[in-house]
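Each reported figure results from applying straightforward, stated rules to the coordinates on display, with no laboratory input. The model shown is predicted, which means the values in this text are computed figures rather than measured ones. Counting neighbours? That spans all protein chains shown, and the Cβs are built from the backbone with ideal geometry, glycine included.
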Amino acid sequence: MGMAADIKTLRERTGAGMLDCKKALSETDGDIEKAIDWLRQKGISKAAKKAGRAATEGLVHAYIHGTGKIGVLVEINAETDFVARNELFQGLVHDIAMHIAAAAPRYVSRDEVSDEELQREKEVQIARVMDEGKPAHIAEKIVAGRMGKFYEDICLLDQKYVKDDSKTINDVLTEAVSTIGENIKIRRFTRYVLGEGLEKKQDDFAAEVAAQAGLA
């Protein structure tokens with residue numbers, strides 16, 4: 001059975017996403033049963049089964065960084081008002097708002113990136129690879145890797161978590177779903193920067209947030 005077939009089998013049995021299934025198989029040398037256990041240990045299969053459930057409660061949270069130079073409004077949804085009042089959920093919302101302040105994503109997920117912007121970025125990366133004189137047979141892989149970095153730069157769910165860069169925000173959300181027991185969705189956010197669009201020096205907010213969180 002090839003990798004694609006193994007991923008399909010794993011998705012059918014666990015409900016986990018394609019990338020999570022691919023990672024699980026990679027971590028377990030292609031052993032499907034061990035990959036299922038790996039997904040369960042990570043809480044991914046449990047979280048995936050909750051992903052389709054309606055999440056219409058939750059919180060709109062405001063985070064103001066430091067002396068008021070940056071602010072974030074974020075809406076994160078859960079299934080019940082009971083969970084919205086839960087300290088774990090409220091802490092998650094605050095931490096994600098702090099991350100947004102530091103990491104400056106432009107979108108919640110890849111789905112929100114327009115086809116035009118995506119195509120423009122691909123053209124830039126293809127031109128770069130050609131200028132670098134890379135062989136054609138590896139050019140596609142290089143461009144794919146750089147597009148992954150492009151998503152990581154601008155999409156919240158793909159970004160490395162500022163408080164623990166071994167995880168993405170999507171990993172943090174998956175763990176929270178598994179722990180709290182309800183579907184949780186980041187619906188939208190707005191990030192404000194004092195003087196944005198004006199000519200002025202921008203502070204290193206990521207470093208400030210890390211220091212504030214006691215990580216620097």
Show me, for segment 184-189, the HN-Hα J-couplings you get by feeding each phi into the Karplus relation (A = 6.51, B = -1.76, C = 1.60, θ = phi - 60°), rounded to Hz, glycine and proline as x.
10, 10, 7, 8, 6, 8
Cβ-based exposure ranking for ARG13, ARG53, in which fewest neighbours within 10 Å come first
ARG53, ARG13
Show the residues, 5+ positions off or on another chain, whose built amide H is closer than 5 Å to the amide H of ARG187.
GLU75, ILE76, ASN77
Counting Lys and Arg as +1 and Asp and Glu as -1, what is the net charge of the other residues whose Cβ lies under 13 Å from the Cβ of LEU88?
-3
ARG106 neighbourhood, Cβ < 11 Å, K/R = +1, D/E = -1, net charge -2
Amide hydrogen neighbours beyond the local backbone of ARG106, cut-off 5 Å, H modeled:
CYS155, LEU156
Added length on full extension, which subtracts the Cα-Cα distance from 0.36 nm per residue, THR9 to LEU88:
25.1 nm
Please list 3J(HN,Hα) in residue order for segment 22-33, calculated via the Karplus relation 6.51 cos²θ - 1.76 cosθ + 1.60 where θ = phi - 60°; whole Hz, with x for glycine and proline.
4, 5, 4, 5, 5, 6, 10, 6, x, 7, 4, 4
Give the order of HIS65, HIS94, HIS137 when sorted by the count of other beta carbons within 10 angstrom, beginning with the fewest.
HIS137, HIS94, HIS65
Which entries in the list LYS122/LYS160; LYS134/LYS163; LYS23/LYS160 go over 26 Å, if you measure between the two C-alpha atoms of each?
LYS134/LYS163
